[in-house]
Amino acid sequence: MKPRSPTLQGFRTILSRPSFGLAEIAWRWSFGAAASLLLALSFFEYLDTLPVSKGDLLLLRTTQPALIFRAALHIFRGSAFRVVDTAVVLALTLGAAWVVVASLARAATLKALLAYFDQDDSPASDLPGEKTWRLRSLFGLNFLRLASTLAAITGCMAAVLLGRSASTPDDPAPGSALLIMLAVALLVWFAWSTLNWFLSLAAIFVVADGQDTFGAIAAAVSLCRIRAGSVFAIGTWFGLAHLTAFAVASSVAAFPLAFTAILPAGAVLSGVLLVTLLYFAITDFLYAGRLAAYVAILKMPVLPVIAEPAPLPSSAVDPTELILSDLPANS
């Protein structure tokens, strides 16, 4: 029987078992909400540390932009070190928390997907089950993802500095500076997205085959080399679905913006926020489906290659032996 398409199996999985998509939404949005709350509390705590004198309050109440700007400079003077210290602490804590949460969530999701495909009635269900694996391998992969993200942020900052160096006050060239900045940022984004994709794919081999961190990365590269057609098809169709969702969400988000002059600003912002959340939910569902499609590739049976029989050498036939065409027709 011809094996089913992994792409179709990925879409069928998220449609028949929406719990996979809901689980992806649960852990991503929970971490995002906790991180946003921590950032908001840190911001308000930082504002409480700023000294505001009676003169500053008087200047702020004048509603004059120049006086308000002068009061703000006086209020925020000397607080840059506290901002840097807070940013460093938050980055380290949130990064460590993301590595742990993402590793635990990905382990649970992949174990559920592997169990789902093992229970399927396809011929691939006869394959051996998952091997023992260690959570620290997932920690290593997510740590590499975090490190690559920090490197990408540093690369984007370097792109801005490189673009500024191309345009000096003595020789201004804003067009060249913008072109250099966009070109370097595009290269950084392409390198980061490619590496992040391979690290995300490698997590499957940690849970399914018990690979370590670097062994899983090597297995992901081998999968792209051996099943290049299936991997490309999954990326293409799920990418088109993602692009379609973005286009629809952009069109729907423009609808409440058209009533800005009629509706209150809160209603307009609420509509745009609702559409944005729905778009993020759809992208999380599509990510779960793409992950299921990659798991389906591993569960596909490897078709044996039937070699054609080698022709007999010419010396194996005796040229003096009579064959049927050499006999007389009346014999």
Quiz item: When ranked by the protection proxy of mean other Cβ atoms within 10 Å per residue, highest first, what sequence do the peptides 248-255, 191-198 form?
Solution: 191-198, 248-255
Exercise. Rounding to the nearest 20 debye, state how big the charge dipole of the chain is about its Cα centre with +1 on each Lys and Arg Cβ and -1 on each Asp and Glu Cβ.
Key: 1280 debye
Practice problem: Towards the positive end of the charge dipole of the chain, with charges on Cβ (+1 Lys, Arg; -1 Asp, Glu), say which of ALA34, TRP192, ALA159 has the farthest Cα. | Solution: ALA34
Exercise. With +1 on each Lys and Arg Cβ and -1 on each Asp and Glu Cβ, and nothing else charged, work out how big the dipole of the range 1-152 is about its Cα centre, in Debye to the nearest 20.
Key: 260 debye
Exercise. Under a 10 Å cutoff between Cα atoms, tell me which one of ARG82, ARG106, ARG225 has the largest fluctuation in the Gaussian network model of the chain.
Key: ARG82
Practice problem: Select from ILE75, ALA91, VAL101 the residue farthest towards the positive end of the dipole of the range 35-110; place +1 on Cβ of Lys and Arg, -1 on Cβ of Asp and Glu, and compute about the Cα centre. | Solution: ILE75
Quiz item: For q = 0.11, 0.15, 0.19 Å⁻¹, what log10 I(q)/I(0) does the range 1-153 give under the Debye formula with an equal point scatterer on each alpha carbon and no solvent?
Solution: -0.69, -0.96, -1.22
Practice problem: Let me know the shape class of the range 17-83, please: from the alpha-carbon gyration tensor, a ≥ b ≥ c as square roots of the eigenvalues, rounded when a/c is under 1.5, otherwise prolate if a/b is greater than b/c, or oblate. | Solution: prolate
Quiz item: Can you give me the Cα centroid spacing of the range 185-203 and the range 7-60 in angstrom?
Solution: 24 Å
Quiz item: If each of SER165 and ALA87 carries a label point 7 Å out from its Cα toward its Cβ, how far apart are those two points in nm?
Solution: 2.1 nm
Exercise. Which order do the peptides 210-222, 177-189 take when ranked by the mean count of other beta-carbon atoms within 10 Å per residue, highest first?
Key: 210-222, 177-189
Self-check item: Between the range 130-182 and the range 251-271, the Cα center-to-center distance that results, in Å
Solution: 35 Å
Exercise. Could you calculate the FRET efficiency of PHE190 with SER36 from 1/(1 + (r/R0)^6), where r is the beta carbon distance between them and R0 is 22 Å, rounded to 0.05?
Key: 0.15
Quiz item: Using a basic spin-label model with each label point 7 Å from the Cα along Cα→Cβ, how many nm lie between ALA258 and LEU150?
Solution: 4.7 nm
Exercise. Check every DSSP H run in the chain and write down those whose alpha carbon atoms cover 24 angstrom or more along the long axis and whose mean Kyte-Doolittle hydropathy is -1.0 or greater.
Key: 19-48, 80-118, 135-165, 174-209, 228-257, 265-299
Quiz item: Could the peptides 145-158, 6-19, 41-54 be put in order, highest first, of the mean number of other beta-carbon atoms found within 10 Å of their residues?
Solution: 6-19, 145-158, 41-54
Quiz item: Per residue of the chain, what 222 nm ellipticity follows from adding -39500 (n - 2.57) for every DSSP H run with n ≥ 4, rounded to the nearest 500?
Solution: -26000 deg cm²/dmol
Quiz prompt | Relative contact order for the range 103-226, counting Cα pairs under 8 Å that sit 6 or more residues apart, in percent | solution = 34 percent
Quiz prompt | Contact order relative to length of the chain, as percent, for alpha carbon pairs under 8 angstrom and 6 or more apart | solution = 28 percent
Exercise. For the chain, build the charge dipole from Cβ charges (+1 Lys, Arg; -1 Asp, Glu) around the Cα centre, then report which of PHE238, LEU114, LEU57 sits farthest towards its positive end.
Key: LEU57
Quiz item: Which shape class, rounded, prolate or oblate, goes with the chain when its Cα gyration tensor gives a ≥ b ≥ c as root eigenvalues, a/c under 1.5 marks rounded, and past that a/b bigger than b/c marks prolate?
Solution: prolate
Quiz item: Which of these, ALA40, ALA245, ALA72, has the largest mean-square fluctuation under a Gaussian network model of the chain (Cα springs below 10 Å)?
Solution: ALA72
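Read-outs: derived from the displayed coordinates by stated rules, not from any lab. Since this is a predicted model, take the numbers as computed values, not measurements. As a convention, Cβ positions derive from the backbone with ideal geometry for all residues, glycine included, and neighbour counts pool all protein chains shown.
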